[in-house]
Structures are given as C-alpha cells and as structure tokens.
Number of protein chains: 4
Amino acid sequence: MSRAVIGVCVIGAGRAGMIHAGNFATAIPGACLAGLADPSQTAIKAAQARLPGAKAYADYRQALEDKQVNAVVVATPTQFHRQITIEAAQAGKHVLCEKPMAVNAGECQEMIAAADKHGVKLQIGFMRRFDAGFIAAKSRIELGQIGQVVLVKSLTHGPNVPKPWMYDIRKSNGPLAEVSSHDIDTLRWFTESEFEEVYAIAGNYRCEDARAQYPDFYDNFVMTVRLANGMQGLICGAQGVGYAYDARLEVLGTRGILLAGDLRQDSVTVCASGMDLTSSAVKSWWDLFAPAYACEARGFIDCIRADREPVVTGFDGLQAVKVVNAGNRSIVERRPVRLD
Amino acid sequence: MSRAVIGVCVIGAGRAGMIHAGNFATAIPGACLAGLADPSQTAIKAAQARLPGAKAYADYRQALEDKQVNAVVVATPTQFHRQITIEAAQAGKHVLCEKPMAVNAGECQEMIAAADKHGVKLQIGFMRRFDAGFIAAKSRIELGQIGQVVLVKSLTHGPNVPKPWMYDIRKSNGPLAEVSSHDIDTLRWFTESEFEEVYAIAGNYRCEDARAQYPDFYDNFVMTVRLANGMQGLICGAQGVGYAYDARLEVLGTRGILLAGDLRQDSVTVCASGMDLTSSAVKSWWDLFAPAYACEARGFIDCIRADREPVVTGFDGLQAVKVVNAGNRSIVERRPVRLD
Amino acid sequence: MSRAVIGVCVIGAGRAGMIHAGNFATAIPGACLAGLADPSQTAIKAAQARLPGAKAYADYRQALEDKQVNAVVVATPTQFHRQITIEAAQAGKHVLCEKPMAVNAGECQEMIAAADKHGVKLQIGFMRRFDAGFIAAKSRIELGQIGQVVLVKSLTHGPNVPKPWMYDIRKSNGPLAEVSSHDIDTLRWFTESEFEEVYAIAGNYRCEDARAQYPDFYDNFVMTVRLANGMQGLICGAQGVGYAYDARLEVLGTRGILLAGDLRQDSVTVCASGMDLTSSAVKSWWDLFAPAYACEARGFIDCIRADREPVVTGFDGLQAVKVVNAGNRSIVERRPVRLD
Amino acid sequence: MSRAVIGVCVIGAGRAGMIHAGNFATAIPGACLAGLADPSQTAIKAAQARLPGAKAYADYRQALEDKQVNAVVVATPTQFHRQITIEAAQAGKHVLCEKPMAVNAGECQEMIAAADKHGVKLQIGFMRRFDAGFIAAKSRIELGQIGQVVLVKSLTHGPNVPKPWMYDIRKSNGPLAEVSSHDIDTLRWFTESEFEEVYAIAGNYRCEDARAQYPDFYDNFVMTVRLANGMQGLICGAQGVGYAYDARLEVLGTRGILLAGDLRQDSVTVCASGMDLTSSAVKSWWDLFAPAYACEARGFIDCIRADREPVVTGFDGLQAVKVVNAGNRSIVERRPVRLD
C-alpha cells in the first residue's frame, strides 16, 4: 500500500465512537479522521462541537461511497455490526469492529467471510490486547515468572446501570456480552487455549425496574471455565456497581501468582482527621484504557499499511461470541455447557 | 463457674497444636496449659523444648482422667477428631476442636450430641472469626458501606505441597477440607446464609508424584456457590503454590466492594538498581493469624467461664463438612450439587 | 542468675505504663508483674480494674523496698526519670526507663553512673529497635540491598495535641523529645554513627491556645542532620495532626531505597458509590507497636537473666537527649548546631 | 490571533526536545511541528528517523527567520537559554523555555524583559503544573481536605549519573538546578508563597570519578525551607540512584496529610516461589510525565491563541533560579541563606 494517509470514518458517534474519532483526528500517524456517521442529528452536533470541522454523514452508506474513506470503525449497537461490516467490506473498506462482534456465531462467520472475500482487514475491538499493563502481564508470564499457568481470573465491574435495551437478554446477550467480552478474550489470550466448558450463575441484584418485565435479566454473574488445554478460568462480571470501573486480572501459576489492575485513579492519597485513608477510584473505562485505544488504532493502521493479520481477528471475535452464548445457556439451564 | 484457672490440655503436638499450647502457656488470662498429649515421643520432646516444664501424656486418655484438665484442644489429624471429642465430652472436658471438624456429617452430629449430652462446650477452630481484619470487614458490611451483599469471594492458597496422606481424597477430603474449610465458614459468616448448591472444577497441577496412584487428587479448585438467601459465593483454593500463604476476601455489594487481605508480610519495600520494587510475602498462616489464634483461645475460655454459646459452634463445623462433601461430589460428577 | 521469676514493678500507671504492666502480667516468660506504683489513686484504681489482683504502691519507694520486686519500669513524666532511676539502682533493682531518658545530658550521665555503680541493668525504652518491621529493614540494609546508606529519613506525626505541661519547651524539650526521640535513635541505629551537626526549623501551627503564653512552643519541625560518618539524616516531627499515628522510615542508599511504615491500620479497603477507596489509618502508637513493646520487655528480662548488655543502653538514651537539646538550640538560634 | 495553525520549532533535539517535537508533530490541536534545530548532524538524523519528514535547521537562527515558525521550544543546555530566548523574542517568536530557565537571576530578567518588549509569550517548562496527579493534589488541598498547609515536601531522585559537564557546579548549578527546579516550583505552587530562607546539606556519594577534580560536586542533598508566609518546606534531590525515577510529594496540613507519587510503573505485581512480591519501578521521567508534557504543549498553544498569561511564567522561572543559587550558597557556606 502507498504511504498515503488512511482516511477513517467512525460509524456511531456514541461514547466508544468518540474515543476512536478523537484518536484518528489527532494521534494516529498515517491516518486521519475522514468523517463521522450517525443517524442522530443530536449525536452528530455534539461530535462536531468536540471535533470542529469533522465531516458528518447522516447515513453510513454515504461514507462507504466516499473515496476519502479507506476504513471504518463500527461503534454502533451490536445488532447493526453484521450489516455494516458486510457492506463496508463490499465497498472495500477495512473494518475495526467494536465488541461484542455480533449477536451470534452465524453473524460473525458471515462478517469474516465478507472481509475475506473482499480482501479487507477485519479487526475486533478487544483493546485490552493493546494495554501496556496487560502486555506487561503477558510478557512476565511468558518469561515463566509464575511457572505454568493454572488458573486465569478476569473481572469487570461497570459503574453504570445497564441501558433499558440491554434488559432483554435475547437481544443484548446481557452483561456477559456487554461487559465481559473483554474478559473472555483475556482468558483466551492468557491461556492460549479455547474454552471447553462453562458454568455460570447469575442474578439481578441492582436493577429493580427490570424484574417484572425481564425476569431473565441479570446484572451479576460468576462463570467458571474449563479450558481445552486443561487450565482453569474464572470470569466475574457486574453492572451498575456504582463504586468504580473495576477491571482486574489474576493469574495463578504452578509456582507464583500475577495480579494486575488497580482501583486507584491516580497516585494521590489523603488521610485526614476522621482517620481514613482515601484515594479516588477509577471512574470509567475510557479513562483507564485511553492509551490502549490509541494503540489499538495504531495497530489497525499498521496492519492495513503492512498488509498483515490484525492483532485481534474476526476469529477472536467469533470465539468470544460463542462463549457468551454458552454462558447465557448455562445460566438458564443451570448446568455446565460445552463449547462445540 | 468459679474463678479458678481453667487447665487446658492440647491433644496433638503438631504445628497447630503448638500454637494453641503456646497461647495457653502464657497469654490467656484465666487459663493455663495443663499438658500436651501426643503418641509420638519425638513430638513431645520437641514440644517440651519449646515449652519447658509442660506436662506430657503419651495417651490422650490419661489427660482426660486428669483432674487438672478442664478442657482440651483437639489438634490431631481429622480422622481422630470424632473419637477424641466424644471421649472428652464423656469425661466432662470442654472441647476446642480444630477444623475440619470431622470427615463427614454423621461424625459431626455424633460429636455435637455428645457435647450436648454431657453439658460441655464444643467450639470449632475457625479462628478467622476472631481475626481483627475479618471482624473489621464484617463490621463495615453490617454498617451498610457496600449496600446489600451480592457476592462473597474467599480464597486460600497454601505454599506447601500436601502431605502424602492427603492424596487419598476419600480419606482427607482434599484441599476443600484441608485448606478451604475456612473459606466455607467465611462465606456462611458474611452471607449469613446456608449453601444451597455448589459447582466445582478441580485439577492436579503441581503434585506429579500423586498422579499415577491418586488420579482423583486435586491441588487447585474453583467452586461457585448459590446461597440459600439468593446471594452468590465463590471459593478458590490451592496447595503447593510456593509463593506465599495467600488468604484474601472480596465482598461485592449492590453499591460497593470490600477487599481484605494482603500478600505483604510487613511494611518494608525495597527498590534497587534492577528497577524492581520488592516486598516480602506472607510466609505462613501461623504468622498471619497468630493474634487470631490468641483471641480464639480467649473466646473459648470466656464461653466456658460465662457458660454461653461459643462464637463458632459444632453446627458451624457440621455445615462446613457438608459443603466439603458436596464440593467433592461436584468435582467427580461434573455437575452442580445441591446441599440437603 | 537463678531461674526464679523476675518480679517487675511498673512505676507510672499512664498509657505507656499500662502497656508494660499488661505485658509483664501475662506475656513475658520468666517474669511477672510484681506491682504498680502511682501517686494517683484514680490511676491505680483504673489500673487494677484492667489487671485484677495487681498489687499497688502509692509511693514508688515502697516498691523499691519490696523483695518481690527485682526490676522496675520507669514510665513517669520525664522530669522524674533521673531521681527514680538512681534510687532504683541504689536499691539493686534493674531499670527499664521510658524515653526520653531525662531532661539533659547531665541527668543521663548520673543515671548511667548509678546503674554502673550498683551493678543493675539500665535499658531505655526505644522499642522500635524491637519492632519486626524496623528489624527487617535494618537486616535488608545490612545485606546491601540498597548499597551504602546515604540518607536516613525518619518521621513521626502524633495525632493528639500536646498536653499543656509540654508547652514550656524548657521543661518538656518539646516534640523533639516527646515525639522524635525515637527518630533520633532510629537514625543512630541505621547510620551506625553519631550526630555531628543539626539544623532545625519549627513552628506552632495547631496549638492556638499556647501562642500567647509560650511563643517558643512548636508543634511541627524539620531537622536536617550531618552524621559523623558523612551520611545525611532528616527528622520530621509533628503533634496534633489528628489524621493518624504516622511513623515512617525511608533509607536512601547509593543504589536503592528502602521504605518502611504504613498508614493503614488493617488490610481492609472499601470502595463505594462516591467512588473513593477508603481504608482505616493507624490510630495510635500502642496499636502499631504492641508487639514491639512485648519484645522489648522480653529483651529486658533476657539481658537480666543472661547478665548481658541491654539492646538499648543508657548511652543510647544519653545521645538522643544531646540531639534533642542541640535541635532545640538550633530552632531558637536559627543556625546549625554542632554536637560536642 | 487568527485560527491559523501555529508552527513550532524545537531547538535542541535531545531527550526533552524530542518529547516536545513528538507532541507538536501529532497531538496538539492548532499547532504543528515546523521543524527541529540542532547543530549536531547526528542528533538531527536521529530525530528525522523518528519523525519522518520533519524539517531541520543546523542553526536555530535559520528557524527564527522562517515565516512558518511562530513559536519555539528551547530545549538546549541551560547556558544557551538566555541567548536563544532573547533572539527568538526579537524575531517575534513565542517561547516555551525548558527548566532551569537560566544560570542566574540576571539572565532570567533579561529574558523576561525581551519577551515583554517584543510582545511574545514566555512559558517555562515546569510541566508538573500540567500533571493530572499534581493537579488533583492541589485541588484536594484547595478544598481544605488537610486543613491549612504546614509543610510541603517534594522529592526527585533521578536514576542516571550526571553527565560530566554537570560536575562543575559553577556552570551547571548542580542537582538543585538540574533535578530539583521542579521541586522548587512545586513548593511555590503548593504554598502559594515565595521562599524566605533555605538551608541545605549535600555530598557526593555515587560519582567517584568527580571527586578529585570537582570536590564541590554533590549528587545528594536535603534542603529545608522557610516560606515567606510562615509555612515550611523540604526538598530532597539525588542523581545516579539507579533504582527508579522517583518523584513524590507529601503535604502535611493542620489536620491531614496528602501523599502523591508512586514508584510503580504499572499495576502488575508478581509473587513467586522466593516469596517476594515484585513490581516494576518507574524508569524515566519521560514515561511518568508523558501526558503532562502534552498538556503543557496544549497550554502553551492556548495562551498564544487566547493572548493570555502562560500558566508558568518567566517570573516562576526566575524565582526558581534564585532559590537554586541560594541553596548552592548554603551548601558551600554551611549556613542558612536568605532570599532577597
């Protein structure tokens, strides 16, 4: 590929979309923000206030027709990922698709097939793979600092209550998909294995308003994992916890343990007359992972320029979706569920 | 009861027994060490070297006949707990019995019945209930600092490889009993509920020499718990980890989280030219819980003197044994197991 | 010396005295609490409520005549240390004297001479020398983990406002004596050197009520130290800080640094909806150093039994008093002051 | 001023210069990297390898004549700051000058006068004023969380041994200037006061090779500070410590304390069989303060665009230089030195 600047259009101007847009607008060598697509005029206006001069498309199809656009970031609600990704591939645009990749395995396979057929890159937004702390952790394990991996535990607790559209588990796939897709990918990354069987328990402890209409909705779950290579895994997820954005990793080996993640927002501690030590907690994933999103964007541009495999592929996205669905089945059927 | 000093005989002069003996010898107001019973002459000699002048009994039955002995601590291998406890009760001696209480629920019930019948106290050695850190944690939760309890996670990783007699799970009940009886009791304490159903996965990752003869032996497990009151629980246990004695608690509530336990042995950190920060890790449970053992002993004497219920009863011991057995069944049968 | 139990009388039933009394009453092998001496009937009654059956003397001279008393702990206000120590030595009683040893160097020398003449032990109450954390720190430095020592910084901030009798610096020697005698001893211990020159700045920031009558009083100071062996030292002291009992040590070497001390009372952290992480701070020196006081008492009994030099001698007490006086002179004269 | 992009030329392509160049090249809205000036061809080539396409000037005077250049960053050795800043002002270019501002107060005053006369902005490179952690700390203090400020302690220990040109204190002003200019500025910022008097002790503990020729050189110092408003200050500085880049702040108030800074590079901790807990330490200031440098650059562009006072002015640079010189005099003359 030539050294020309790669124009990236961000589809979906919500919170995640705006992080991507901000990065491509200023911080990614060899790329520029070609535009933003969102059907909501309000969202577009808010986006342009933050990124003055950014081009806007009311319909993402206009962006797909634009020659200035070489790649897209798909940051819409999950249910639209499949359609947009396939159309983008058909239009010859590379795709960075946010997680979860899609609603089920079939959709993921269609997306992978479309990217293959049209020769575009398809990267999935598991940006923790680009996070310096997670990379340092992986590297220490590869150096053998804790012996052989025995058990990988990954936890994500989100501060905010779910949005009402997430209450219908059949549509949203629930917190397993919305919150813990990242944890699933982390387990695959750190065990270097696929999942063999999962068992999950779940309940709704914080969302009173969902109880009557959506008795299946859960906001807290624990899922144990048998990995195909014999290792053990554990994922804990929660929404609406209020106290922080809490993402921690613990890897137990045959002769050591690794702990990663920190609830502290910064290095400031105050101790005052009430005799309590107080620090600020991490308020949001976009603070915590801001550098990881920038590295993810650089990685996406690099794989396009160098014409190589993305660090996180469609297959990674597909495998996570399969686990989400198996976990949700385990919750409902109250039994361990094997992955195919 | 009169203000006379209560003579306590420690039965079993192993590591746990010697902690109890040391406490009753010097640190427990209103009590004294009446003697030590152990069939091993070597153990008795080692004990007397550390506690000069301590009276020794080769057979615990001699102690049970001794008028100077008002109470016993049962710190033998688990398989002898039932017999000794029942005989002690018959002899009118109060009993502080180490964990696990016994090998199965039936034994526990016999022990409880004997204590009831003969009007002696029966306290089980869940000394974490007397630990200042755990008590502070419980108190903060009762104050509502994290809202309603949703999920209690308790973890114990022991540094040492299991002793060969533990390899036969049918006899030892495995790490669930040896290591995690404490965690089971902690979950009951913090959820204020009984267990409803457990699901556990387990494997042997560190004990090569046990594999051929004891294919069922495991040194690492993860167990999810449905509590009867709807809360969730999680217990992780490991043996032979080498890196530290690691005991941590995490309680997630509807609007906060509580973390307790620290891998650091002391408050000293060194950072030197290799550019690593280094602290010492906790080496053993007897360092970590030394003050808890002393408080446990005081609690035992207090309940005898004041003729009141012990803080940790035979029923608490019984319930933990039931959970151990259900967990072990889940491991073998690869399915969730309900508690009766 | 025979194996007979050493009877210890505690003189001064204030806070420090009661810690010593509690230890000798239960926890020190080879010793017992022979009694408590205090001119205040109120103090004696409170003491006996906590230590039922403890013998009491209204006048310490009665204790010095008692054959059951083999040793005394001097825990009175500083101004009485000299007189009581000398009389105790004359009566053939060993002395554990609280810090600061006395008001000036002359008094210290008289006390040392008296102990020498009458062949009794004189130990000074720098219990940090018996603290496991400080000992671990010293040991790491001796192992060369930070290279050669360059700078030792010791800090003590006390939560409580000074008692009114401390306002007159000429009598109390101020926070340098009351709070930081320990820090001075720590610097001597960790540098293995005497002080050569000190420079201190000080001010009264928290004690409004002392300002008019005691313009020289200070509740906050910083003192830089040139050690005789060329190392550097720094002591920071404060009273009335309210937030915690804060005692920390930092040792900078040629190729590393060691940090010791922790503001946290226990290992429990709570994070709740306000998105702050909160732990309890250390509330008092008697909590923080409780095990050190017990070890100090054991060390005192050991040096009597084995007829050897105490770990902390009268000379250590004397040197600290000299530094206190030089520091106070530096504050008043606003210049560096050399030690003789 | 118009909305046109501000072209910034970085003068001095050393480590600090390249941080600035990298920021202006990609991350600062409304600015671009107009070029790099350095007399060393090697430095220029290395710079262009990292920033492909960057324009280069062998002589900074060429940059000052370039219409594309609206502002310069002065990141040369300190001795050239005065000359370049004055010429840049004469050429109508805004200046962001690295710390220390200059070698003495007279130079600083000339620089301030030149900027005033020619109506250009002069900002000094105290980027800690733009660091999120320091800002959070300042904000908590302003909220009164620790009461009134009593004592501000700032510490900077650099890992690397000084470069040989720094050995001559008369030229380099030593570690007080090279390392602790930042700490001086931090004390002025947090006390909101000027310095009244300083007293410093210093020594050379790590740089054997400097001892013979430069007996005045020091690599470790402690400086106590009386602030004009009655507060206390303390600065500790060291070079060649090897163990980390260590920058910590401690602010003691009338009823609380604030601690900021962390030796940990990331949130990863490993505990393995040796029973030590290990984390990576911060290796360099450019890692630790990377976001602060970007914010500093944004602040510089903002003050140009909005035609307002920079956050850090020439006066701030001047005051720090005065303190550096007073501290160095105190070291030599072994007495407290008053600021004019």
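A compact table of results
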read-out	value
Qualifying positions in the range C:30-83 - under 22 Å from the mean Cα position of the chain (by Cα), within 23 Å of C:R305 (Cβ to Cβ) and among the β-branched types (V, I, T)	C:V72, C:V73, C:V74
Residue in the range B:310-322 that is among the polar types (S, T, N, Q), within 19 Å of B:T186 (Cα to Cα) and surrounded by fewer than 19 Cβ atoms within 10 Å (Cβ to Cβ) present	yes
Matching option when the condition is at the interface with chain D (Cβ under 7 Å from one of its Cβ atoms), more than 17 Å from C:C271 (Cα to Cα) and open to solvent by 10 Å² or more (accessible area, probe 1.4 Å), among A:S267, A:S273	A:S273
Identity of the residue in the range C:119-137, more than 26 Å from B:Q265 (Cβ to Cβ) and either assigned to a helix (DSSP H, G or I) or of a type in the set (A, V, I, L, M, F, W, C) (or both), that ends up nearest to the chain's Cα centre (by Cα)	C:I124
Qualifying residue in the range C:298-310 (condition: closer than 29 Å to B:D287 by Cα and within 12 Å of another protein chain (Cβ to nearest Cβ))	yes
Residue in the range D:23-46 that is aliphatic (A, V, I, L, M), in contact with a Gly (Cβ under 6 Å, 6 or more places away or on another chain) and touching a residue at least 60 places away in the same chain (Cβ under 8 Å) present	no
Enumeration of residues in the range B:284-340 that are among the β-branched types (V, I, T) and part of a helix (DSSP H, G or I)	B:I301, B:I304, B:V321, B:V323, B:V324, B:I331, B:V332
Count of residues meeting criterion [of a type in the set (K, R) and touching a residue at least 12 places away in the same chain (Cβ under 8 Å)] in the range C:179-219	2
Selected residue (only one of C:R248, C:R338 is away from chain B (no Cβ under 14 Å) and of a type in the set (K, R))	C:R338
Leading residue by the ranking (most open to solvent (accessible area, probe 1.4 Å)) among those in the range B:231-240 that are more than 7 Å from every other protein chain (Cβ to nearest Cβ) and out of contact with any Pro (no Cβ under 6 Å at 6 or more places or on another chain)	B:M231
Scope the range B:146-175; condition outside any loop (DSSP other than H, G, I, E, B) and charged (D, E, K, R); matching residues	B:K153, B:R170, B:K171
The range D:143-162 residues that are under 21 Å from D:N229 (Cα atoms), paired with ones that are aromatic (F, W, Y) and open to solvent by 20 Å² or more (accessible area, probe 1.4 Å) (beta carbon under 6 Å, 6 or more apart)	D:V150/C:Y205
Hits in the range A:149-171 - residues which are surrounded by 24 or more Cβ atoms within 10 Å (Cβ to Cβ) and out of contact with any strand residue (DSSP E or B) (no Cβ under 7 Å at 6 or more places or on another chain)	A:M166
Test set (1) at pLDDT 95 or above; (2) over 28 Å from C:I19 (Cβ atoms); (3) surrounded by fewer than 20 Cβ atoms within 10 Å (Cβ to Cβ) - C:A200 fails condition number	(3)
All strands (runs of 3 or more DSSP E) inside the range B:1-110 with 2 or more residues being surrounded by 15 or more Cβ atoms within 10 Å (Cβ to Cβ) and within 14 Å of chain C (Cβ to nearest Cβ)	B:31-37
Set A:G7, A:G30, A:G12, A:G17: member being modelled with pLDDT of 95 or more and on the phi > 0 side of the Ramachandran plot	A:G12
Filter result (within 14 Å of another protein chain (Cβ to nearest Cβ), open to solvent by less than 30 Å² (accessible area, probe 1.4 Å) and β-branched (V, I, T)) within the range C:111-148	C:I141, C:I146
Test: residue in the range B:172-195 that is closer than 19 Å to B:P77 by Cα, among the hydrophobic types (A, V, I, L, M, F, W, C) and open to solvent by 10 Å² or more (accessible area, probe 1.4 Å)	yes
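This table checks each residue for (1) more than 14 Å from chain A (Cβ to nearest Cβ); (2) farther than 25 Å from B:G314 by Cβ; (3) in contact with a Leu (Cβ under 7 Å, 6 or more places away or on another chain).
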position	(1), (2), (3)
B:V152	no, no, yes
B:T156	no, no, no
B:P175	no, no, no
B:E178	yes, no, no
B:H182	yes, no, no
B:W189	yes, no, no
B:E192	yes, no, no
B:G203	no, yes, no
B:C207	no, yes, no
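Quick grid of which residues meet (1) in contact with a strand residue (DSSP E or B) (Cβ under 8 Å, 6 or more places away or on another chain); (2) farther than 30 Å from C:L143 by Cβ:
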| position | (1), (2) |
| --- | --- |
| B:S181 | no, yes |
| B:E208 | no, yes |
| B:M223 | yes, yes |
| B:A228 | yes, yes |
| B:V241 | yes, no |
| B:D262 | yes, no |
| B:V270 | yes, no |
| B:D287 | yes, no |
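Yes or no, residue by residue, for (1) open to solvent by 10 Å² or more (accessible area, probe 1.4 Å); (2) more than 19 Å from B:T254 (Cβ to Cβ):
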| site | (1), (2) |
| --- | --- |
| A:Y205 | yes, no |
| A:A212 | yes, no |
| A:L227 | no, yes |
| A:D246 | no, no |
| A:R255 | yes, yes |
| A:L259 | yes, yes |
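The values are calculated or read from the model by the stated rules, or taken from the named source; none is laboratory data. Keep in mind that this is a model prediction, so the values were computed, not measured. Every residue, glycine among them, receives a Cβ derived from its backbone with ideal geometry; neighbour counts consider all protein chains shown. Surface areas here come from the heavy atoms of the whole protein model, side chains and all, with no ligands, DNA or RNA. Shrake-Rupley method; radii C 1.70, N 1.55, O 1.52, S 1.80 Å.
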